[in-house]
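Asker: Here it is, the structure in full.
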Amino acid sequence: MNTSRFFLAGILGVSLLGVAAMPQATGNQVALIKQSSIVFAGTVSQLGATSFTGVPKSAQTAVVRVDSVLKKPSAVSLKKGDNVTVELKDPSAFQQGAQATFYTEGWIFGSGVAVKELGHEFKTSSGETPKPAGADEKTYQHAQEQIGDQELQDRLNSADFVVVGRVTDVHRWNAPKSATTRVSEHDPDWHEAVVEVQSVLKGAQVKGNKVVVRFPGRNDVAWVHSPKFAKNQQGIFCLSKDQASGVPTAMVGGRQVTVYTCLGHGDSLPMSDVPRVRSLLKN
Amino acid sequence: MKALAAFWLRFLTLAAFMMIAGFALVRGQSSGIRVVNLIPASLSGETNQDSEPFLAVQTVNPQIMVASAFTPNPFSTSGNAPVYVSEDAGATWVLSAITPVQRMTCDITHAMPTGENHPRGDLHAGTLACAASITLDESESNDVSSSAVMNVQSTRGNVDQPFVRALGISNTDRIYVGVNDFNQPNGHTATVDVSVDGGATYKSFSIETRKTAGQDGPSVRPAIAADNTVYVAFFGWRKFNGTVATSDVVVVRDDKGGTGPNPFQALKDPSDKLPGRIVVKRASIPWSNAPTLGQERVGSTLSIAVDPNNSSTVYVGWADHGSKGDIYTLHVRRSTDRGVTWSKTDLPHTTIRNATNIALAVANNGTVGMLYQQLSASRWVTHVVQSRDAFATVQDLILANVPANTPVQQFLPYLGDYDYLLAVGNEFRGVFCANNTPDLTNFPQGVTYQRAADFSTKTLTDGSGNPVAISIDPFYFSVPVKP
């Protein structure tokens, strides 16, 4: 986010239009929502202050009373009437009593919430409650869906293969004696899933229509977010060449084949996501 | 008139006493003992398994503390993993995302020595980041209240379970990180990373000298005395069959803070004249990466503590198979001659069945403290024990007594592969993890919750009145040192 552009936009907005600044073009606000973990409308009640101890007070911090919460993680307690500490990008753009929608990321969590401003949108001159993208809730929800698409797009881009398939076999992988094995609480306990490929969404055709996917069977903290597979499971698999187990090949039907992993949260998707993935891969 | 004045004086004194007493008894908090749930009020909706706690105290400014657990970044999967920070001696805590690891660490320990004279630092942390590979970062913060992300000073891979201790000496910090370093040759994996310049540079020293089963156990635990004596305890694995490690409990010592020509070789065992005193030979230690002791895994609980004012006295505690029928049994031994000889049998009151997460500490007056968690009648019972006479007589306080079957584990470790105890002035301070049901009968010494909790209905809420499921939370405690 470009601070000087914010500042300039603020000056132009206030001096020429008589309304408050729009931090970015509406089209870019989807990106702003994506960046933001907490979005709320609020009223600045005190500048150069904090709302709870444990937050470093500075000229950039302000206490903002929450008028409505538009986006937050479920774990975070935040509701209308709460006081939030906001570290502002440009405090000179704000006065006590200013009303705005704040696009923020979490900062410090204590008896209250402290956030860092990524952008803001002042309340319009007509007195409307500011909302993300300057639009209604449907637009906001649409923007949130786009965020999911963007994250999924990133995953698809980083994968070597994306296939639709069915798990035909799951077995424990016993590393060859030549492989270096270490005993650790974080030992992944590698398992292999043989996936019968029904269609390839990204990557070349698969010889023999089967791929071997190595995955951690262990429920250790190191692997808690990695997908675990079961026989007959169907879905989309975002696969990367195995760089984790130390032995990146396996024998399937007497043939040596490349082994893949699928370690990230969200690298395994349900069949219902096939149209969405196909659409994203066309982009 | 005088009688009337005296009456009012007595009345007001009594009223003041009752007010203070009433305040102290809020949530049943016992006098001088503090137990605090670390989850902040603004995260009342969280249901994470916040297990494996650790604690660092700024010893010259002990109001400042940092605690950690497997707590994920609460607002971003790509943001930094957080720690808990207190600036009021543990009464309140905030969560601040300052570690160099993305989202959540898969091991974290830390210490706050005072050599560099940063009143809100220096926090030195060893963190493991878990992705396709596991990476150790050794990092520093000069001001834990600033919310700035810690500065990574050293990074390397293929190591396990970093355990950080530190000591401030002559305007600098000496840092000792016990690690199980799979990069070491010949299976001599028990290692100490030593920095004598505040973490700017590290040297790695293998402290294993005997033949191993390909590697040592994960736990490598340093302990430091003010006179530069450094002890390190580790499990020298001699055989391993997948479920049992036949292990020596070994202690090494260095008298110059690890800075001499042959570091950590001051102690030699009389049996083979090799460096490293074998406290217990060929203990049978169960190894299970699945729920074994209740919902907890077992295999590597180990602790060592040195008397800060008399470095000749050192205690070591560990767990093994114990007697027939036991799952995991704790033991504590003591040396009073700088680790040359050790008690032949467990100290009194320290053979504890079906228990784990032993943490030892010694206070300035020589009182030894022992924190542990015992599975008893389907409940996890957290004890802190103190003794002035090597456990011949003990004061045993139960900090928590909570259901062991709920919540269902989200991953392992359930409570942690370790908890932690420190001696600070006239207090023992520590951290443990437990089921967070807001039920006063679960916390015999009383408890304070920061997160929204209704003790009358024994339910958690999200701050807006909506119920929140029970989970594992980290708890801070302090107890006065037995005089």
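Bear in mind that the values in this text are calculations on the coordinates, not laboratory data. Being a predicted model, the structure only gives us computed values, none of them experimental. In this analysis, Cβ positions are derived from the backbone assuming ideal geometry, glycine residues included, and neighbour counts consider all displayed protein chains.
Asker: Is the shape of the range B:121-275 best called rounded, prolate or oblate, per the rule: a/c under 1.5 gives rounded, else a/b larger than b/c gives prolate, else oblate, with a ≥ b ≥ c the square roots of the Cα gyration tensor eigenvalues?
Answerer: Oblate, since a/c reaches 1.5 and b/c is not below a/b.
Asker: Rank-order B:446-452, B:155-161 by packing density, defined as the average count of other C-beta atoms within 10 Å over each peptide's residues, highest first. List each step's numbers first, then the result.
Answerer: Details: B:446-452: 21.6, B:155-161: 18.7.
Ranked from most to least packed, the peptides come out as B:446-452, B:155-161.
Asker: Work out the FRET efficiency for B:Phe455 and A:Gln198 from their Cβ-Cβ distance, taking R0 = 51 Å, and round it to the nearest 0.05.
Answerer: Approximately 0.40, to the nearest 0.05.
Asker: Among all cysteines in the protein assembly as shown, which have no other cysteine Cβ under 4.7 Å from their own Cβ?
Answerer: A:Cys238, A:Cys262, B:Cys433
Asker: What is the local net charge at B:Thr461, summed over the other residues whose Cβ is closer than 14 Å to its Cβ (Lys, Arg +1; Asp, Glu -1)?
Answerer: Charge balance in the 14 Å sphere: 0.
Asker: Obtain the nm distance between the two label points defined at B:Asp337 and A:Gln150 by a simple spin-label model: each point lies 7 Å from its Cα along the Cα-to-C-beta direction.
Answerer: Taking the two extended label points, one gets 6.9 nm.
Asker: Where Lys and Arg each count +1 and Asp and Glu each count -1, what net charge lies around B:Val402 among other residues with Cβ under 11 Å from its Cβ? All intermediate terms of the calculation are to be shown ahead of the outcome.
Answerer: On the way: positive: B:Arg379; negative: B:Asp439, B:Asp473.
It works out to a net charge of -1.
Asker: When a/c is below 1.5 the answer is rounded, else prolate if a/b is larger than b/c, else oblate, so apply that to the range B:42-168 with a ≥ b ≥ c taken from the square roots of the Cα gyration tensor eigenvalues. Please list the in-between numbers first.
Answerer: On the way: a/c = 1.81, a/b = 1.14, b/c = 1.59.
The shape class here is oblate.
Asker: Could I have the simple spin-label model distance between B:Asn364 and A:Arg278, label points 7 Å from Cα toward Cβ, reported in nm to one decimal?
Answerer: The answer from the label model is 7.4 nm.
Asker: Then there is this: Using 10 Å bins from zero, what percent of all Cα-Cα pairs in the range A:159-282 falls into each bin?
Answerer: 13, 47, 31, 8, 1
Asker: Ranking A:Met251, B:Met104 by Cβ neighbours within 10 Å, fewest first, what do you get? If you can, show how the numbers build up before the last one.
Answerer: Details: A:Met251 9, B:Met104 24.
The fewest-first ordering by Cβ neighbours comes to A:Met251, B:Met104.
Asker: Same structure again: Quick one: if you stick a label point 7 Å off each Cα along the C-beta vector at B:Asn228 and B:Ser378, how many nm between them?
Answerer: 5.7
Asker: Rounded, prolate or oblate, given the Cα gyration tensor of the protein assembly as shown, with a/c below 1.5 counting as rounded?
Answerer: Because a/c hits 1.5 or more and a/b fails to exceed b/c, the protein assembly as shown counts as oblate.
Asker: Ok, one more. For B:Val408, B:Val60, A:Val252, which order do you get if you count the other beta carbons within 10 Å of each Cβ and list the fewest first?
Answerer: The most exposed by this proxy come first: B:Val408, B:Val60, A:Val252.
Asker: What pairs from A:Lys72/A:Lys210; B:Lys239/B:Lys273; A:Lys34/A:Lys228; A:Lys177/B:Lys268; B:Lys203/B:Lys344; A:Lys34/A:Lys210 go past 32 Å between their alpha carbons?
Answerer: A:Lys72/A:Lys210; A:Lys177/B:Lys268; B:Lys203/B:Lys344; A:Lys34/A:Lys210
Asker: Can you grab the distance from the C-alpha centre of the range B:75-102 to the C-alpha centre of the range B:432-483, Å, no decimals?
Answerer: That distance is 19 Å.
Asker: Looking only at the range A:207-239, which residues have a backbone nitrogen under 16 Å from a spot 7 Å from the Cα of A:Asp160 in the C-beta direction?
Answerer: A:207-215, A:237-239, by backbone N distance to the label point.
Asker: So for B:Thr437, B:Thr99, fewest C-beta neighbours within 10 Å to most, what's the order?
Answerer: Fewest-to-most Cβ neighbours within 10 Å comes out as B:Thr437, B:Thr99.
Asker: For the protein assembly as shown, what is the mean residue ellipticity at 222 nm derived from helices alone (per DSSP H run of n ≥ 4: -39500 (n - 2.57); sum divided by total residues; nearest 500 deg cm²/dmol)?
Answerer: Taking each H run of at least 4 residues, the total per residue is -3000 deg cm²/dmol.
Asker: Of A:Lys202/A:Lys231; B:Lys256/B:Lys281; B:Lys281/B:Lys482; A:Lys71/A:Lys231; A:Lys231/B:Lys458; B:Lys281/B:Lys324, which pairs sit farther than 30 Å apart, going by alpha carbon to alpha carbon?
Answerer: Check vs 30 Å cut-off fails for B:Lys281/B:Lys482; A:Lys71/A:Lys231; A:Lys231/B:Lys458.
Asker: How big is Rg to Rh over chain B, alpha-carbon atoms, Rh as the Kirkwood inverse-mean-distance radius?
Answerer: So for chain B, dividing Rg by the Kirkwood Rh gives 0.98.
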